[in-house]
Amino acid sequence: MFEVMPESGGRVLAVRLLQAYSKKDVLAFEKLLEEWIDRVGGQLDMLVKLDGLNLRRVPVENYIEDCRRTLAHRESLRRIAVVGDSDFARSLVSLDNLIMANAAHGITERYFDVAQLEEAWSFLRA
């Protein structure tokens, strides 16, 4: 499950993932992502807060499907700040960067520890 954080606005979509991330959540997130991309006319920045997510409860297939769907929208993404509290999440961001990041298009994904939340916001606003 996920929720849109109240700090969302302008070209920044901020979401917090809660407890688990099901196939239904993957589809709902893609719909939300498309709505925000349409709203800002492309070049969306995202903050994804994972500290409420139990990564052990997310099936690998859901992670792969989420990556595949996000990859389909990468032309409309600029910066992604992932805020979490686990080395596993940090590793996933590194993997995402190998797959999704594209300096030629300005796409950058960075991991921030929960204590670095303000730094994550600064990264998105730069």
>> Out of Leu124, Leu55, Leu92, Leu77, I need the residue that is touching a Leu at 6+ places or on another chain (Cβ under 9 Å), modelled with pLDDT of 75 or more, within 22 Å of Met1 (Cβ to Cβ) and among the hydrophobic types (A, V, I, L, M, F, W, C). Which one?
In response: Leu92
> Does the stretch 1-23 hold any residues that are outside any loop (DSSP other than H, G, I, E, B) and modelled with pLDDT under 90, and which are they?
Replying inline: Leu17, Leu18, Gln19, Lys23
> Any idea how many residues of the stretch 59-89 are part of a helix (DSSP H, G or I) and either surrounded by fewer than 15 Cβ atoms within 10 Å (Cβ to Cβ) or of a type in the set (Phe, Trp, Tyr) (or both)?
Replying inline: 9
> Is it the case that some residue within the stretch 41-59 is farther than 19 Å from Val93 by Cβ, touching a helix residue (DSSP H, G or I) at 6+ places or on another chain (Cβ under 6 Å) and free of Cβ contacts under 8 Å to residues at least 60 places away in the same chain?
Replying inline: yes
>> Residue under question is Glu7, and the condition is that it be of a type in the set (D, E, K, R) and touching a strand residue (DSSP E or B) at 6+ places or on another chain (Cβ under 9 Å); does it hold?
In response: yes
> Considering only the stretch 24-58, how many residues are under 20 Å from Phe112 (Cα atoms), part of a helix (DSSP H, G or I) and not charged (D, E, K, R)?
Replying inline: 1
> Cβ-Cβ below 7 Å, separation at least six or inter-chain, first residue in the stretch 111-125 and within 14 Å of Ala89 (Cβ to Cβ), second in a helix (DSSP H, G or I): which pairs?
Replying inline: Tyr111/Ala89; Tyr111/Arg90; Tyr111/Val93; Phe112/Glu119; Phe112/Ala120
> Quick check: is even one residue across the stretch 93-108 on the phi < 0 side of the Ramachandran plot, among the aliphatic types (A, V, I, L, M), out of contact with any helix residue (DSSP H, G or I) (no Cβ under 9 Å at 6 or more places or on another chain) and surrounded by 15 or more Cβ atoms within 10 Å (Cβ to Cβ)?
Replying inline: yes
>> So the check is Cβ under 7 Å with 6+ separation or different chains; which pairs have a first residue in the stretch 5-18 that's in contact (Cβ under 8 Å) with a residue 12 or more places away in the chain and a second one that's outside any strand (DSSP E or B) and aromatic (Phe, Trp, Tyr)?
In response: Leu13/Trp36
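Quick grid of which residues meet (1) surrounded by 15 or more Cβ atoms within 10 Å (Cβ to Cβ); (2) under 13 Å from the mean Cα position of the chain (by Cα):
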| position | (1), (2) |
| --- | --- |
| Glu7 | no, no |
| Gly10 | no, no |
| Leu13 | yes, yes |
| Leu18 | yes, no |
| Tyr21 | yes, yes |
| Ala28 | no, no |
| Leu33 | yes, yes |
| Arg39 | no, no |
| Gly42 | no, no |
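The values are calculated or read from the model by the stated rules, or taken from the named source; none is laboratory data. Predicted model, so just to flag it, every value in this text is computed and none were measured. Don't worry about glycine lacking a Cβ; one is built from the backbone with ideal geometry, like all the others, and counts go over all protein chains shown.
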